[in-house]
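Only one structure is covered here, and it is reproduced in the block below.
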Amino acid sequence: MCTNRIIVLIDMDCFYCQVEENLNANWKGKPLAVVQYNQWRGGGIIAVNYPARDQGVTRHMRGDEARKKCPDIILAKVPQVRGKADISKYRDAGKKVADVLVTFTQQLERASVDEAYLDITNIVDKRIQEGNDIITRAQLPNTLVVGSTTEGFIENVTQNRTFDEYNFKLALGGVIAEEIRRKVLEVTGYKCSAGIAHNKILAKLVCGLHKPNKQTILPQEAVPQLYAEIPLKKVQGLGGKFGNKIMQRLGVKFMGEVTKFSQNELGKIFDEKSASWLYNIARGIDNEPVNARLVSKSIGSCKQFAGRAALCEKQEIEHWLNELAEDICERLTKDMKENNRKAHQIVVNFGQDDEVHSSKSYPMNSYDKGRIVSNGLKIIEKYCAKSDGTYRITFLGLSAGNFQEFKKGNEITSFFKNMQNNAINRKSIENVSALTNAENIADDNDSIYSRTTEEDSSIDTDSLIFYENINPESVTRDNCLNTAAAESIMNEVNCDISRDSIREEINTYEGISPMQTDEFENNEKPQESFFIKYFSTHFKSDLDTLKSNSDCEDTNCNDKSLDSDCSIQCSYCEKTIVSSEYQTHLDYHFALNLVKNESEPIMNPRAQSSRKKPVSPKKVSKKKVKDQSQKPLDAFFKNIRVIQDESSEVCKECHKAVPISELDIHKDYHLAKKLHFEINEKQQSKGVKRKLHEPKGILGFLQSSTTL
DNA sequence: CATGGTCAAATG
DNA sequence: CATTTGAC
């Protein structure tokens, strides 16, 4: 059925202008436009408010033209940072709006900085179930309906609600949309418009019918009369070449005319997919789901250098790469804090002369401006240098993507999920490495995940152990590393512990261990949690290895042409690990062991086979662990149960109940967490040149704090 | 120089 | 993976 969903498109009215108006009280109500790069002909207009639109000012005008049309117009300038227009102000404002929208439903797709789709079907159904479904005119004060008056529509749906269920739901959707818009205004001070329909395309189309600060409902049966007067190019997806082709080949101008063509006829003109899409859209049918997504999938920064402004010298290119890298690094760092994730890929975009833009991507494992710039420069050199050594770069861009949730995760489920994602990602990085390795460009071309070349091109089994356990087709009780497994194990143990307790434990494992390690070694404080004991005994040898390797900057990491991390040998599997990946690698062992939950705490699946035994550090830690807890997970859960039996106090910092005996540790944890963040930050802001990249995560923290 | 800078998704 | 398209 094409009418079973209720979709709302929220679109902020001339958003950038509203942001400026709310920041400058005396601009309210006056004609205003937002301009960027205001030096040339008054700058380019990127937003116009409604008073200014009334005077004929439009986008695509320069500031000077706007002033001619409307002499008293206020031209708000987008600040310029690092030679580029800085739109962070509007990004932040957009996020505030999105934060309000998610409180209504998680079924939210941010379509741009100022637009979002919401699937409110569930909210509507719930209200009907609860009987909270009386619809009055007063609840739809700023609502219009395509094809009828709002009053008529309300009367119709309330009288025929059993025969006209879908329109009743649309009306209720309208009520909810009014509430959403009211809430957005109340919390953020921004006005918006909305479209309410049965799918995204229609909601979007109809949202633009009445603006600003209004919303429009589209009953499905009103589609034909709406389409009759809607230019085809107004429909989402038909504004470009495809729309032109349709108009030309079908000889149509309005959307409604497309229904004259059968699916077969369309199939002869367009490819299969386009044809059936068009056929459906022409009938108001669009099954595209609202893809729940709050945050962007990539963060990029780019700039044009048109015509004479083209970059011709390496120094210029490096300068701009630097500006772009600074921009994305700043935003990536912010993103990491806000969204608990890290980008693992970076794309260098460039355009030369009148050629089409090109792009090259490579894996990235740290937000290091210096390395991003030098790698970018290598790519530009390789692909853009002319025979005489000069350049003509007309476009330059950097974009980071392939985000994965940060290991410093919040729940045990995401902890395991990350292990899975990371491993999958490595598999793809592996392919990249094969390409970039030879060219000495990639960050990670010497990582353990690069497959060694073999004459018969079969898969290297040593590499395989890093993801064999997560192959969805071969998930077993023993070897899987995914969320389902973690949860089933939790069920098996039949624990009645809350997620918060687990999260607390995981965080403790991540944050507090340095202090606890010291204390543990001093044989004080016997009440550490399992994770702390586990870590401080189990990973101590690796810490030592790491420390002894800390001078490798002067030894094996001095290759001038190679921009890579220095490596460490893992004492559990003897693999050579890039130091910046070492934490991840250890986490892998950690999680693997945790999931196994068997009597023998073997860290490496390989060791179970007939392969030769690992070297001594492993034996040491293995023995220690055996003494303390033979079944890590059991011990972990047991530990928590004990804790929960005690009386507890609410922590002022996080407002969670903490057992009295754990209160000191808990407070230390908050302190450690803060420290941990600071250290991470320092690592990023350091303009490191050919210097050992300090390990991230807990080892980084350990090393920093123990060498201080 | 002259909308420009950011995004996402489809496609080969 | 790189390119193209489309939209704000």
| field | Filtered residues of the stretch A:361-376 (kept if within 16 Å of DNA strand C (Cβ to nearest atom) and either open to solvent by 10 Å² or more (accessible area, probe 1.4 Å) or in a helix (DSSP H, G or I) (or both)) | value | A:Ser361, A:Ile372, A:Asn375, A:Gly376
| Exclusive hit being within 13 Å of DNA strand B (Cβ to nearest atom) and surrounded by 17 or more Cβ atoms within 10 Å (Cβ to Cβ), set A:Gly351, A:Gly284 | A:Gly351
| Any chance the stretch A:195-209 includes a residue that's within 15 Å of DNA strand C (Cβ to nearest atom), in contact (Cβ under 8 Å) with a residue 12 or more places away in the chain, in a loop (DSSP other than H, G, I, E, B) and not aromatic (Phe, Trp, Tyr)? | yes
| note | Counted residues in the stretch A:132-152 being among the polar types (S, T, N, Q) and under 18 Å from A:Val8 (Cα atoms) come to 4
| note | Within the stretch A:89-99, of all residues that are within 14 Å of DNA strand B (Cβ to nearest atom) and open to solvent by 10 Å² or more (accessible area, probe 1.4 Å), the one farthest from A:Val184 (Cα to Cα) is A:Lys89
| If you check every pair at least six apart or on different chains, which have Cβ atoms under 8 Å apart with a residue in the stretch A:111-123 that is of a type in the set (Gly, Ala, Ser) first and a residue that is part of a strand (DSSP E or B) and within 16 Å of DNA strand B (Cβ to nearest atom) second? | A:Ala111/A:Leu9; A:Ala111/A:Tyr117; A:Ala116/A:Leu9; A:Ala116/A:Leu108; A:Ala116/A:Glu109; A:Ala116/A:Arg110
| Are any residues in the stretch A:343-360 more than 19 Å from the chain's Cα centre (by Cα), modelled with pLDDT of 95 or more and more than 10 Å from DNA strand C (Cβ to nearest atom), and if so, which ones? | A:Gln352
| Can you find a residue in the stretch A:114-132 that is small (Gly, Ala, Ser) and assigned to a loop (DSSP other than H, G, I, E, B)? | yes
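Every residue, every condition in (1) within 16 Å of DNA strand B (Cβ to nearest atom); (2) among the hydroxyl-bearing types (Ser, Thr, Tyr); (3) closer than 29 Å to A:His198 by Cβ; (4) open to solvent by 10 Å² or more (accessible area, probe 1.4 Å), yes or no:
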{"site": "A:Arg53", "(1), (2), (3), (4)": "yes, no, no, yes"}
{"site": "A:Gly63", "(1), (2), (3), (4)": "yes, no, no, no"}
{"site": "A:Arg67", "(1), (2), (3), (4)": "yes, no, no, yes"}
{"site": "A:Pro71", "(1), (2), (3), (4)": "no, no, no, yes"}
{"site": "A:Leu101", "(1), (2), (3), (4)": "no, no, yes, no"}
{"site": "A:Glu109", "(1), (2), (3), (4)": "yes, no, yes, yes"}
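Tell me the helices (runs of 4 or more DSSP H) entirely within the stretch A:13-97 that contain at least 1 residues that are touching a Cys at 6+ places or on another chain (Cβ under 8 Å).
Numbers: elements: A:15-23, A:50-54, A:63-69.
In the stretch A:13-97, A:50-54 are the helices (runs of 4 or more DSSP H) which contain 1 or more residues that are touching a Cys at 6+ places or on another chain (Cβ under 8 Å).
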| Being assigned to a helix (DSSP H, G or I), among the hydrophobic types (A, V, I, L, M, F, W, C), out of contact with any Ser or Thr (no Cβ under 9 Å at 6 or more places or on another chain) and open to solvent by 30 Å² or more (accessible area, probe 1.4 Å), is that true of even one residue in the stretch A:270-277? | yes
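The values are calculated or read from the model by the stated rules, or taken from the named source; none is laboratory data. Since the structure is predicted, the reported quantities are computational estimates derived from the model, not experimental observations. Positions of Cβ are backbone-derived with ideal geometry, glycine not excepted, and every protein chain shown enters the neighbour counts. Accessible surface is based on the protein model in full, side chains and every heavy atom, while ligands, DNA and RNA are left aside. Shrake-Rupley method; radii C 1.70, N 1.55, O 1.52, S 1.80 Å.
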